[in-house]
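S.K.: Shown below is the structure under consideration.
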Amino acid sequence: MVVQKTVDLFVRANKQWEPKRRLTVSEWADMNRVLTTESSAEAGPWRTDRAPYQREIMDSIEKWEEVAIMASAQVGKTEFLLNVTGSYIDQEPCPIMHVLPNEDLIQAYSKKRLTPMINSSDVLRNKIGVAKSRDSGNTIEEKSFPGGYVTIVGANAPAGLSSRPVQIVLCDEVDRFPISSGKEGDPISLAIARTKTFRHKRRHLFVSTPVEKETSRIYQLYEDSTMEQWCLPCPHCGELQPLRFKNGIVYEHYVSESGEIVVTKADHRCAYCGMLGSEKEWKRGEGKWIARKQHSSRRGFHINQLSSPWSDWREVAKAFLVAKREGIDKLKVFVNTVLGEPWETKEKGVNEKTLAARRERYAYEVPAEVKVITAAVDTQDDRFEIEVRGWGAGKESWGIEYHRIYGNLDKPEIWKQLDEFLCRSWLGENGREYRIIGACIDSGGHFTKEVYEFTRARNYRHIYAIKGQGISPKTAKQVPFIYKKSKTQLEGAVLWMLGVDDGKVKVFDSLNVQEPGPLYCHFPGEDKGYTEEYFLGLTAEAPVYQTIGGRKYKTWKKIRDRNEPFDLAVYNRAVIEILRPNLSLPIERQPNGPKVMPGGTVVGKKRRKQGVSSSI
């Protein structure tokens with residue numbers, strides 16, 4: 001009896017000294033991760049089985065140096081990064097770097113994602129502790145623990161990317177990274193360079209929703225990988241296959257009297273036997289990752305919302321129908337965020353002749369479908385070039401008038417003529433009078449001060465100065481179309497900075513729409529200024545791709561000297577993006593739209609000033 005007790009005592013003592021088996025990332029998460037209401041719609045213990053496709057993705061980081069995840073929204077892709085982080089902090093402490101698209105996201109990411117994970121996990125909280133204002137080892141940007149630290153940096157900040165060696169680099173939303181981190185070069189290359197000293201243990205994890213196929217970083221990484229797809233067995237024949245929207249999802253729907261799209265049923269058709277299966281039947285099957293290529297160092301995964309437990313196929317089908325109704329801009333978002341696929345631009349070779357052939361004769365100056373009209377002004381040394389454009393549902397647009405005002409821009413007379421033109425009205429059916437709801441005037445020429453003075457006095461009429469910012473080979477910085485709003489220091493005028501490259505993409509895509517409907521562009525006849533010269537200017541630039549630091553980006557190249565009509569199309573689109581009128585509302589309910597009283601008397605929106613101002 002005594003001998004047996006002695007043996008048991010030694011067995012228990014030896015077990016304490018036995019090395020613990022290293023848990024996989026998914027096992028660690030199932031044992032230690034707790035989701036909170038701060039960061040998840042489903043609070044409680046983490047369960048990898050809730051979304052089985054996550055297991056192989058997370059566990060692959062144990063053996064593979066690089067992992068690329070091209071994914072839609074709502075599949076838990078940021079959670080992959082957090083679980084990898086928690087697993088290494090607890091089991092293999094080392095320096096870890098999270099790279100976000102820019103520094104502005106650091107605080108929200110730290111407070112809303114990383115800190116809740118730490119605070120809700122006993123093992124992590126014990127190692128890192130609660131943040132204190134004077135504790136330099138636990139700040140918003142950096143969390144220290146025995147054996148390592150977690151640092152969060154922005155891809156736009158070269159100092160953060162090149163400061164210290166790290167073993168694990170976790171890059172989130174890489175398709176939104178800048179082309180260059182300051183003047184230092186590609187941010188991904190800078191981050192990876194920090195791992196050189198950890199030659200055999202280094203790990204690189206790239207996660208993103210893709211954007212454009214031609215320039216997508218995550219697509220390029222995925223394409224140069226094992227290119228794996230999450231496949232589910234057909235409920236009827238058992239053949240494994242990825243869930244596809246095109247030629248896969250079959251849905252039934254109707255449009256209600258109020259215009260709402262209602263999807264009543266959505267099934268998936270098997271690519272092999274052709275049988276339909278319900279969402280529950282397909283998602284009940286045991287999935288498997290199937291590789292399409294061999295690769296020695298990088299695994300690549302693609303997953304979309306059709307496989308996600310947090311999405312509904314009927315909602316996916318509805319999102320597609322709504323996007324299709326609203327035009328190419330929304331279709332891009334659907335393809336990127338729901339299908340997790342890069343958008344491929346199908347350039348149909350629209351030229352000046354095909355666009356000129358669209359010219360049509362309107363029954364009135366302003367067609368009946370137009371809800372509001374805008375104006376755009378380009379300043380040249382001897383003239384103003386102006387386009388007035390009408391807008392309807394889905395940003396379908398109608399050219400109303402292309403006009404030039406010649407004169408000396410140093411003199412007040414020509415600015416008075418411009419103001420008179422912008423104050424005039426255009427007639428529609430039933431005696432409606434349309435006045436512009438806003439205008440953008442280019443301030444980048446030789447008359448910047450004059451533009452600021454002119455627009456400042458008319459900001460209440462939503463007449464704004466604008467300045468374009470493209471992608472500079474020096475800074476390699478990309479900016480969104482409606483970039484930022486400020487006030488000029490001396491004049492106090494509202495100035496909008498525009499990402500003109502992004503704006504040109506929007507206009508170019510609209511010109512490629514072939515059928516009337518969302519985003520389609522209509523043009524009137526020559527008597528309204530839409531001459532052959534206009535269409536030559538509208539097609540005076542073409543998209544080209546340049547490579548900076550190993551990354552492609554889209555820019556624009558002039559193929560003709562005069563491109564004012566193309567610029568004005570961008571500025572008119574900017575007015576709509578800035579003011580964001582609800583173009584689905586009927587004309588009578590447009591806040592700035594025309595209203596007609598019996599007998600044709602127009603009641604317009606009350607104005608602070610009446611008539612024309614002669615001041616610049």
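S.K.: Would you mind working out the magnitude of the charge dipole of the chain relative to its Cα centre, with +1 at each Lys and Arg C-beta and -1 at each Asp and Glu C-beta, to the nearest 20 Debye?
M.R.: About 1480 debye.
S.K.: Of the labelled options (i) 26.4; (ii) 34.1; (iii) 36.8, which one gives mean projected area of the Cα convex hull in nm² as computed for this structure?
M.R.: The calculated read-out lines up with (iii).
S.K.: Could you state the angle between the C-alpha long axis of helix 564-579 and the longest principal axis of the C-alpha atoms of the chain, as a value from 0 to 90 degrees rounded to the nearest 10?
M.R.: Taking the Cα atoms of the chain, the angle to 564-579 is about 70 degrees.
S.K.: Which angle from 0 to 90°, rounded to the nearest 10, does the C-alpha axis of helix 412-423 make with the longest principal axis of the chain?
M.R.: Orientation of helix 412-423: about 70 degrees from the principal axis.
S.K.: I've got another one for you. Taking the Cα centre of the range 352-589 as origin and charging only Cβ (+1 Lys, Arg; -1 Asp, Glu), how large is the dipole, in debye to the nearest 20?
M.R.: Using only the charged Cβ atoms, the result is roughly 1080 debye.
S.K.: With respect to the cross-link table entries Lys265/Lys552; Lys112/Lys487; Lys143/Lys213; Lys111/Lys283; Lys183/Lys558, which display a Cα-Cα separation exceeding 31 Å?
M.R.: Lys265/Lys552; Lys112/Lys487; Lys143/Lys213; Lys111/Lys283
S.K.: Run through the range 142-228 and list the chymotrypsin sites (Phe, Trp or Tyr not before Pro) located in a DSSP loop whose Cβ has at most 16 other Cβ atoms within 10 Å.
M.R.: On the way: sites: Tyr149, Phe198, Phe206, Tyr219, Tyr222; in loops: Phe198.
Those that pass, being in a loop and sparsely packed, are Phe198.
S.K.: So what is log10(I(q)/I(0)) for the range 352-589 at q = 0.10, 0.15 1/Å, when the Debye sum runs over its Cα atoms only?
M.R.: -0.46, -1.06
S.K.: Next question. Given only helices, namely DSSP H runs of n ≥ 4 each adding -39500 (n - 2.57), what is the per-residue ellipticity at 222 nm of the chain, to the nearest 500 deg cm²/dmol?
M.R.: So the calculated ellipticity at 222 nm is -8000 deg cm²/dmol.
S.K.: If I fit a long axis through the Cα atoms of helix 2-17 and take the longest principal axis of the Cα atoms of the chain, what angle between them do I get, 0 to 90°, rounded to 10?
M.R.: Roughly 30 degrees, rounded to the nearest 10.
S.K.: Nearest 20 debye, what's the magnitude of the dipole of the range 246-335 about its Cα centre given +1 on Lys and Arg Cβ and -1 on Asp and Glu Cβ?
M.R.: Roughly 660 debye, rounded to the nearest 20.
S.K.: Still on this structure: Hey, in the chain, which Cys have no second cysteine's beta-carbon closer than 4.7 Å?
M.R.: By the Cβ distance rule, which asks for a partner under 4.7 Å, the isolated cysteines are Cys94, Cys171, Cys231, Cys423, Cys440, Cys521.
S.K.: Continuing with this model, one more query. What is the distance in Å between the Cα centres of the range 64-124 and the range 211-255?
M.R.: 26 Å
S.K.: If you keep only loop residues by DSSP, which trypsin sites (Lys or Arg not before Pro) in the range 197-287 have at most 16 other Cβ atoms within 10 Å of their Cβ? Before the final figure, lay out the partial values.
M.R.: Details: sites: Arg199, Lys201, Arg202, Arg203, Lys213, Arg217, Arg244, Lys246, Lys265, Arg269, Lys280, Lys283, Arg284; in loops: Arg199, Lys201, Arg202, Lys213, Arg244, Lys246, Arg284.
Here the trypsin sites (Lys or Arg not before Pro) that fit, given the DSSP loop and packing criteria, are Arg199, Lys201, Lys213, Arg244, Lys246, Arg284.
S.K.: If you don't mind, there's one more thing I want to ask. Calculate the spin-label point distance for Val322 paired with Phe198, positioning each point 7 Å from the Cα along the beta-carbon direction, and give it in nanometres.
M.R.: Rounded to a tenth, the inter-label distance reads 4.1 nm.
S.K.: In whole percent, what relative contact order does the range 352-589 give with Cα contacts below 8 Å and a gap of six or more residues?
M.R.: Dividing the mean separation by the residue count of the range 352-589 yields 24 percent.
S.K.: Please name whichever of Thr209, Gly431, Val169 sits farthest to the positive end of the charge dipole of the chain, dipole taken about the Cα centre and charges placed at Cβ: Lys and Arg +1, Asp and Glu -1.
M.R.: Val169
Laboratory data are not the source of any read-out in this text; all were calculated from the coordinates shown. Keep in mind the model is a prediction, meaning the values are calculated, not measured. So basically every Cβ, Gly included, is an ideal-geometry build from the backbone, and we count neighbours across all protein chains shown.
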